[in-house]
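Novice: Submitted below is the structure of interest, expressed as structure tokens.
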């Protein structure tokens with residue numbers, strides 16, 4: 001045991017003499033762990049919030065009854081249905097603004113009639129322990145989750161004041177409620193939200209049935225029809241996880257560089273230890289414990305830093321999920337056992353993986369041969385060719401899997417297509433990184449054949465000799481640059497496509513949600529108004545296709561619809577076919593779900609029976625997670641009752657003041673501001689949501705690129721002593737330190753720029769994989785491929801800046817090396 005302790009002290013004494021190497025190794029582990037742990041903390045927080053929201057709403061066991069568009073449910077509807085034997089329960093829901101400006105979602109429930117799946121916990125902290133009592137009597141109770149109360153600065157028993165001076169009921173803490181939401185008695189909620197006798201929905205068990213005489217009067221939203229909380233944003237969070245894993249891999253390259261430097265400087269010492277009788281097993285065990293100590297320390301620090309990073313990113317993530325997916329996530333970051341285990345485990349596993357080369361070299365030290373020469377031999381051309389062959393196999397496997405995903409559906413990949421798409425992307429990145437050293441070696445060899453000067457030949461040969469030590473750092477840079485190009489290209493292409501599609505689909509200048517009993521009167525009134533051009537009537541309905549719910553749009557087939565409804569694929573004369581009422585259009589999501597093409601038949605269910613139609617065309621429907629079909633308005637007559645109608649009026653070619661017209665509509669037909677949607681405002685909000693959605697992806701992308709640059713700089717620092725030994729003979733032959741410094745900087749610039757040029761086609765290929773595979777499997781729609789030359793140029797310039805910085809550090813090291821140090825190299 002004493003011998004083991006002596007060995008460990010000897011190994012760790014290296015870091016006392018070289019604290020910079022210890023700092024670099026820890027920095028790599030901390031950065032890798034922070035990026036990965038931060039993303040995992042965000043995802044775990046989101047999953048927990050969605051689970052709480054789903055449990056609070058009854059999950060898959062509670063349906064909702066809603067009034068037709070433009071109408072409101074009344075307490076009389078609740079009474080009538082209860083008398084008919086339907087076990088409904090009223091719900092009032094809305095937002096209130098606290099005195100400090102913070103908003104809270106308020107749910108008013110009627111406990112005696114509430115479905116069992118939605119009954120709140122009887123043992124709420126700070127409550128009476130019963131479902132009745134103070135919850136249903138003045139001053140009532142407002143039940144909040146503890147994290148929501150902390151975020152609002154509230155405690156149990158507080159009665160927060162609203163912006164208008166009124167007070168909420170006393171706070172009672174209850175775990176597992178949805179974030180930023182509170183439940184109270186329906187009487188208290190109706191008074192606070194000023195609903196009078198109006199209610200927002202009627203809840204009923206999924207198994208309950210409605211009498212036929214009442215079924216047509218309400219719109220039933222089935223539990224299996226509504227998307228579960230978190231379902232919409234699952235792909236968004238999966239993309240965050242992928243970026244976190246990429247950052248973990250790139251950060252661990254720093255660890256590999258630092259450990260490689262520490263090993264290269266200790267080879268002679270380790271050989272002496274072997275000669276003194278230290279066994280191979282004891283030496284490898286000592287190096288392994290060194291890795292474990294560094295890994296545990298770095299993982300803990302990385303976890304702490306990851307929580308801080310999650311705290312910085314969480315507000316943006318919360319706003320994105322709320323704006324884009326209408327999903328609420330708790331804003332306060334809380335560490336879960338899952339996040340701790342995942343962060344520590346992945347970081348420690350990554351550290352050990354990054355140190356495998358160090359362990360292998362420690363195990364292979366030969367006391368009878370030059371350890372330095374043995375270390376050099378392992379970085380030769382044969383190893384590069386083996387890696388290139390392995391990379392080619394990985395790339396071939398990724399290509400075959402891509403072909404399989406693109407050409408077939410079902411089979412072994414069914415249900416795992418999104419995961420398989422990420423495997424394709426990972427294969428492209430890993431295969432390219434494995435083949436990078438051989439490609440760089442081949443390119444430098446070609447340059448060598450083209451040059452004639454002896455110094456140029458030496459420079460290029462010396463550059464090849466540096467590849468084994470720089471290959472991992474250059475691979476990290478390749479991964480970061482190509483991922484940056486791929487993600488930026490996908491986001492930029494999405495922006496162009498989305499905004500162009502938005503201009504076509506949102507071409508109406510004013511959208512009016514029209515109550516069913518006032519649609520005809522509104523159309524007649526608008527027809528007599530000066531400055532109003534065309535008025536279209538849009539019916540929004542619901543149907544079922546192959547047992548799954550779909551949205552149905554009923555439109556007039558006129559010149560406005562034909563000009564502003566772009567089709568991705570269609571039969572001949574698609575609009576004429578739809579106008580004949582025997583054909584429909586379907587969105588891309590539904591086409592992919594059903595694997596249908598234009599010309600195929602489609603059988604779907606309406607309230608009045610089955611309707612068999614031909615698919616005349618497929619249209620893009622970005623941002624919609626559900627299947628949708630569009631038919632002529634005349635084809636919907638008789639198949640959907642007007643009670644199922646959600647009607648909107650679309651106003652085109654307005655020549656007057658839109659705001660004035662909207663005000664007149666509100667006054668004449670008792671509409672609210674929420675019933676009127678102004679086109680510019682809607683487009684602006686859509687753009688804001690879009691930009692917010694990808695802001696986090698850009699931030700993680702930039703962090704990953706920064707970590708890759710740091711990995712390269714750490715590798716260059718590791719080359720310092722080795723470079724002096726190789727440059728000392730040239731200095732002795734008469735070359736100045738200035739020339740040698742510039743030559744060293746030029747070598748780094750050459751390697752980095754070659755890597756950047758190789759990253760360009762890989763980035764474009766990655767972009768194609770994102771839009772053709774991951775986007776399709778995650779969201780159900782495909783984007784066209786867009787390549788932006790300025791982005792390619794920007795990537796090369798970023799790589800150039802990294803190269804200049806790295807070259808400057810290398811040149812400065814050599815410039816500051818005194819001649820005495822160069823002379824000392826001849827003694828070794």
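Novice: In the stretch 187-213, how many are in contact with a helix residue (DSSP H, G or I) (Cβ under 7 Å, 6 or more places away or on another chain), at pLDDT below 85 and not in a loop (DSSP other than H, G, I, E, B)?
Specialist: So the count comes out to 1.
Novice: Moving to a separate point now. Could we say that residue 518 is within 27 Å of residue 659 (Cβ to Cβ) and surrounded by fewer than 17 Cβ atoms within 10 Å (Cβ to Cβ) here?
Specialist: Yes; evaluated as a whole, the condition is true for this residue.
Novice: Please give the strands (runs of 3 or more DSSP E) falling wholly within the stretch 474-576 in which 2 or more residues are out of contact with any strand residue (DSSP E or B) (no Cβ under 6 Å at 6 or more places or on another chain), farther than 30 Å from residue 601 by Cα and touching a residue at least 24 places away in the same chain (Cβ under 8 Å).
Specialist: Hits in the stretch 474-576: none.
Novice: If you take the residues of the stretch 141-158 that are buried (at least 19 other Cβ atoms within 10 Å of the Cβ) and in a loop (DSSP other than H, G, I, E, B), which of them is nearest to the chain's Cα centre (by Cα)?
Specialist: 145
Novice: Looking at residue 695, is it within 30 Å of residue 249 (Cβ to Cβ), modelled with pLDDT of 75 or more and part of a helix (DSSP H, G or I)?
Specialist: Answer is no for this residue.
Novice: Identify all residues within the stretch 521-555 that are exposed (fewer than 13 other Cβ atoms within 10 Å of the Cβ) and closer than 15 Å to residue 587 by Cα; write none if there are none.
Specialist: none
Novice: For the stretch 587-605, check the following and say yes or no: at least one residue is assigned to a strand (DSSP E or B) and either closer than 30 Å to residue 683 by Cβ or in the same structural domain as residue 67 (by TED's automatic domain parsing) (or both).
Specialist: yes
Novice: Okay, moving on. Among the residues that make up the stretch 29-51, is at least one of them assigned by TED's automatic domain parsing to the domain that holds residue 266, within 30 Å of residue 278 (Cβ to Cβ) and modelled with pLDDT of 80 or more?
Specialist: Scanning the stretch 29-51, I find at least one residue that is assigned by TED's automatic domain parsing to the domain that holds residue 266, within 30 Å of residue 278 (Cβ to Cβ) and modelled with pLDDT of 80 or more, so the answer is yes.
Novice: Given the conditions (1) within 19 Å of residue 79 (Cβ to Cβ); (2) buried (at least 18 other Cβ atoms within 10 Å of the Cβ); (3) touching a helix residue (DSSP H, G or I) at 6+ places or on another chain (Cβ under 7 Å), and given that residue 178 satisfies all but one, which numbered condition is not satisfied?
Specialist: Of (1) within 19 Å of residue 79 (Cβ to Cβ); (2) buried (at least 18 other Cβ atoms within 10 Å of the Cβ); (3) touching a helix residue (DSSP H, G or I) at 6+ places or on another chain (Cβ under 7 Å), only one is false for residue 178: (1).
Novice: Return yes when residue 708 is surrounded by 18 or more Cβ atoms within 10 Å (Cβ to Cβ), at pLDDT below 75, assigned by TED's automatic domain parsing to the domain that holds residue 806 and under 36 Å from the mean Cα position of the chain (by Cα) and no when it is not.
Specialist: Yes; evaluated as a whole, the condition is true for this residue.
Novice: Here's another thing I want to ask about it. Based on this model, can you work out whether residue 162 counts as on the phi < 0 side of the Ramachandran plot and without any contact (Cβ under 8 Å) to a residue 60 or more places away in the chain?
Specialist: no
Novice: Considering each of 70, 101 in turn, give the residue that is closer than 27 Å to residue 641 by Cβ and at pLDDT below 85.
Specialist: Sole residue among the options that is closer than 27 Å to residue 641 by Cβ and at pLDDT below 85: 70.
Novice: Return yes when residue 242 is at pLDDT below 75, surrounded by fewer than 24 Cβ atoms within 10 Å (Cβ to Cβ) and farther than 27 Å from residue 716 by Cα and no when it is not.
Specialist: Criteria met by residue 242.
Novice: In this structure, does residue 569 turn out to be modelled with pLDDT of 80 or more, farther than 19 Å from residue 677 by Cα and within 26 Å of the chain's Cα centre (by Cα)?
Specialist: Against the criterion (modelled with pLDDT of 80 or more, farther than 19 Å from residue 677 by Cα and within 26 Å of the chain's Cα centre (by Cα)), residue 569 does not qualify.
Novice: A follow-up question, please. Could you look through the stretch 622-652, keep only residues that are at pLDDT below 85, in contact with a helix residue (DSSP H, G or I) (Cβ under 9 Å, 6 or more places away or on another chain) and outside any strand (DSSP E or B), and pick out the one that is farthest from residue 575 (Cα to Cα)?
Specialist: Among residues in the stretch 622-652 that are at pLDDT below 85, in contact with a helix residue (DSSP H, G or I) (Cβ under 9 Å, 6 or more places away or on another chain) and outside any strand (DSSP E or B), the one farthest from residue 575 (Cα to Cα) is 643.
Novice: Need the failing condition index for residue 131 against (1) surrounded by fewer than 18 Cβ atoms within 10 Å (Cβ to Cβ); (2) at pLDDT 85 or above; (3) in contact with a helix residue (DSSP H, G or I) (Cβ under 6 Å, 6 or more places away or on another chain), just the number.
Specialist: With respect to (1) surrounded by fewer than 18 Cβ atoms within 10 Å (Cβ to Cβ); (2) at pLDDT 85 or above; (3) in contact with a helix residue (DSSP H, G or I) (Cβ under 6 Å, 6 or more places away or on another chain), residue 131 is out only on (2).
The values are calculated or read from the model by the stated rules, or taken from the named source; none is laboratory data. All values reported here derive from a predicted model rather than from experimental measurement. Cβ sites come from the backbone with ideal geometry, for glycine too, and all protein chains shown count toward neighbours.
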